[in-house]
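Taken together, the values in this text are just the output of simple stated rules run on the coordinates, not laboratory data. The structure presented is a predicted model; accordingly, all values stated were derived computationally and were not measured. With ideal geometry, Cβ positions are generated from the backbone for all residues, glycine too; neighbour counts draw on all protein chains shown.
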Amino acid sequence: MIDIVEEIYKKYEEEEALRERRGHLGASQIGERCSRKLWYGFRNVADEKFNGMMLKLFMRGHREEPFILEDLKKIGIKIKSEQKTFREFGHFGGSCDGIGEFNGDEFLLELKTSNTSGFKKIKKSGVYYSKYQHYVQMQTYMHAFNLSKALYLVVCKETDELYTEWVEYDKVFAVSIFNKAKHIIESDVVPPKIGLDESSFECRFCAHKKICWNNYPPQVNCRTCLHSTPIESGKWNCEVKGEMNDEIICDKHLYNINLIDSHVLSANKQENYVVYKDFQNGGDGLNSFELFKLLEKRYYD
Ligand code: SF4
Ligand code: SF4
């Protein structure tokens, strides 16, 4: 007999596998406190995959949005636009849930769903203290769309209870967030770790934990390559091939030296090699796929 639940989850995973990986640094992520995690994510260092149940859960929030917008319209709030998008520094961007208008005042709409325990925390402490990433996301959109306030509206998934909060635009804060995004995009160097060790609260469930703390090798792709740089147009430039297609990895891949935990003895980009203390990447040494296997074996041994 068919296992209906498993089959549905599997379908979500199959559909996700066909979707393009998020290429930019998102407004919904930038409030993450660990800059290293953001840097790793932007550079696709880990093979991040969610199971079908999680993927289905992500959809739940999106499904709720049209109902909330309808409720807002019923009480006289005009929805000026839905899903307005922005892009900055070529690679930082996002699309908000909408812009509302009431009595001539325009404001950002940020619509969320929450489980009961999260909902209680939001009600008790407000968005800044209980959902910092949402607060940062709203400041980012208000800055990008030149708005002075935001309506934060949360629906409790179990009871359908609503919570709302008005958030004022804070220019100094928002500019600091854009500066943070710029730094993450442009920096070639891995930002510092946030946790004291891998069991730290922030690190415990991080998808990059193995790479960050235990020298598991990063994925071999154009964004982990020493020859690539993100450029203003929103694309990436490759020193070997020019403007590159993110999906096509070539045999000239060399790991960004900041991603390999070993001392560099010498390097020559023209001849395409980097000599580390106990192995060589490129040239007469190991290509990046072979180096990945070596480092992976070391991790498991
Ligand atoms: S494991 Fe911890 S320090 Fe490393 S990227 Fe993740 S959150 Fe940051
Ligand atoms: S050298 Fe090859 S792997 Fe590296 S960025 Fe260019 S195309 Fe991608």
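Place a +1 charge on the Cβ of each Lys and Arg in the chain and a -1 charge on the Cβ of each Asp and Glu, then give the dipole magnitude about the Cα centre in debye, rounded to the nearest 20.
640
List the lysines whose Cα sits under 16 Å from the Cα of K269, skipping any in the same chain fewer than 8 residues away.
Reachable lysines: K241, K252.
Where the centroid of each part is defined by its Cα atoms, how far is region 1-62 from region 134-183 in Å?
Answer, in whole Å: 22.
Could you rank the peptides 133-143, 274-284 by their average count of other C-beta atoms within 10 Å per residue, with the highest value first?
133-143, 274-284
Multiply the residue gap between H263 and C250 by 0.36 nm, knock off their C-alpha separation, and tell me the result in nm, one decimal place.
Taking 0.36 nm per residue and subtracting the Cα distance, the gain is 2.2 nm.
Taking each pair of different alpha-carbon atoms in the chain once, compute 1/r for the pair, average those values, and report the inverse of that mean as the Kirkwood hydrodynamic radius in Å to one decimal.
When all Cα pairs of the chain are included, the Kirkwood radius is 21.7 Å.
Taking 0.36 nm per residue of separation and subtracting the Cα-Cα distance, what length does fully extending E70 through E271 add?
66.3 nm
Mark the label point 7 Å from the Cα of I4 along Cα→Cβ and return the residues of region 47-73 whose backbone N is within less than 20 Å of it.
52-57, 60
Output the antiparallel fraction of DSSP beta bridges having both residues in the chain, as a percent to the nearest 5.
Here the share of antiparallel DSSP bridges comes out near 75 percent.
K80: which lysines have alpha carbons under 28 Å from its alpha carbon, excluding same-chain residues fewer than 8 sequence positions away?
Straight-distance partners of K80: K112, K123, K131, K149, K157, K171.
Setting aside same-chain residues fewer than 8 positions from K193, which lysines have a Cα under 20 Å from its Cα?
K37, K180, K182, K209, K210
How high is the FRET efficiency from V189 to K49, r the C-beta distance, R0 22 Å, rounded to 0.05?
Details: r = 27 Å, r/R0 = 1.22.
Working from the Cβ atoms, E equals 0.25.
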